[in-house]
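Structure record follows, encoded as structure tokens.
The values are calculated or read from the model by the stated rules, or taken from the named source; none is laboratory data. Just so we're clear, the structure is a prediction, and the values are computed from it rather than from any experiment. Glycine also receives a Cβ, built like all others from the backbone with ideal geometry; neighbour counts cover every protein chain displayed.
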Amino acid sequence: MSCVALASILALGAVGCSDDDGAVDLSKCKSVAPVDGVTELTITGKNMAFDEECFQIEPGAVEITFVNDDSGVTHNLHVTGPGEVNEATPLERGVVTHVLEVDLVEPGTYKYICDPHPKTMKGNLVVGEVPA
Ligand SMILES: [Cu+2]
């Protein structure tokens, strides 16, 4: 069911269509296979948004290259999820690149946000099997 349909049925202005209910729009997910056991992802922050908002990957080691391409704006990349994963790049301003090395070994949906802008800069890392 789409968010629009849900909002219409409930007739509530406050119906959220965030990912907090666990639903992930997998049609927006980019599948990335590991190379030599490591999944390499690149996420760029530009114009107050991430260029990629969903990945589907295999469980295991992940190297996330975060590029802050918003000149003069402070962003970071903060990954949370199963297994108490909680890793963040530093908050950085201007064009910078930072590599985050994380082990996403537990299947599930991990989240990534920019800490100062969690409402507009957010995404999902679907690890392992696609949720039904
Ligand atoms: Cu940000």
Query raised in the report: Within segment 89-122, which residues are closer than 23 Å to Asp69 by Cα, away from the ligand (no atom under 12 Å from the Cβ) and not polar (S, T, N, Q)?
Result: Pro90, Gly94, Val95, Val96, His98, Val99, Leu100, Glu101, Val102, Lys111
Requested in this report: Take Leu41 and decide whether it is more than 16 Å from the ligand (Cβ to nearest atom), closer than 17 Å to Met121 by Cα and surrounded by 14 or more Cβ atoms within 10 Å (Cβ to Cβ).
Outcome: yes
Report summary line: (1) more than 14 Å from Leu125 (Cα to Cα); (2) at pLDDT 95 or above; (3) surrounded by 13 or more Cβ atoms within 10 Å (Cβ to Cβ); (4) not aromatic (Phe, Trp, Tyr) all hold for Ala7 apart from (2)
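Matching residues to (1) of a type in the set (Asp, Glu); (2) assigned to a loop (DSSP other than H, G, I, E, B); (3) farther than 15 Å from Val79 by Cα:
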site: Pro90; (1), (2), (3): no, yes, no
site: Thr97; (1), (2), (3): no, no, yes
site: Glu101; (1), (2), (3): yes, no, no
site: Glu106; (1), (2), (3): yes, yes, no
site: Thr109; (1), (2), (3): no, no, no
site: Tyr112; (1), (2), (3): no, no, no
site: Asp115; (1), (2), (3): yes, yes, no
site: Lys119; (1), (2), (3): no, yes, no
site: Gly123; (1), (2), (3): no, no, no
Report summary line: Among (1) modelled with pLDDT of 95 or more; (2) within 14 Å of the ligand (Cβ to nearest atom), Gly72 falls short only on (1)
**Report entry** Residue that is surrounded by the most Cβ atoms within 10 Å (Cβ to Cβ), among those in segment 75-87 that are outside any loop (DSSP other than H, G, I, E, B) and within 12 Å of the ligand (Cβ to nearest atom)
**Finding:** His75
Requested in this report: Taking the residues in segment 57-69 that are touching a residue at least 60 places away in the same chain (Cβ under 8 Å) and surrounded by 20 or more Cβ atoms within 10 Å (Cβ to Cβ) as candidates, determine which candidate is nearest to the ligand (Cβ to nearest atom).
Outcome: Val62
Requested in this report: Return yes when Thr109 is touching a residue at least 12 places away in the same chain (Cβ under 8 Å), out of contact with any Gly (no Cβ under 9 Å at 6 or more places or on another chain) and surrounded by 13 or more Cβ atoms within 10 Å (Cβ to Cβ) and no when it is not.
Outcome: no
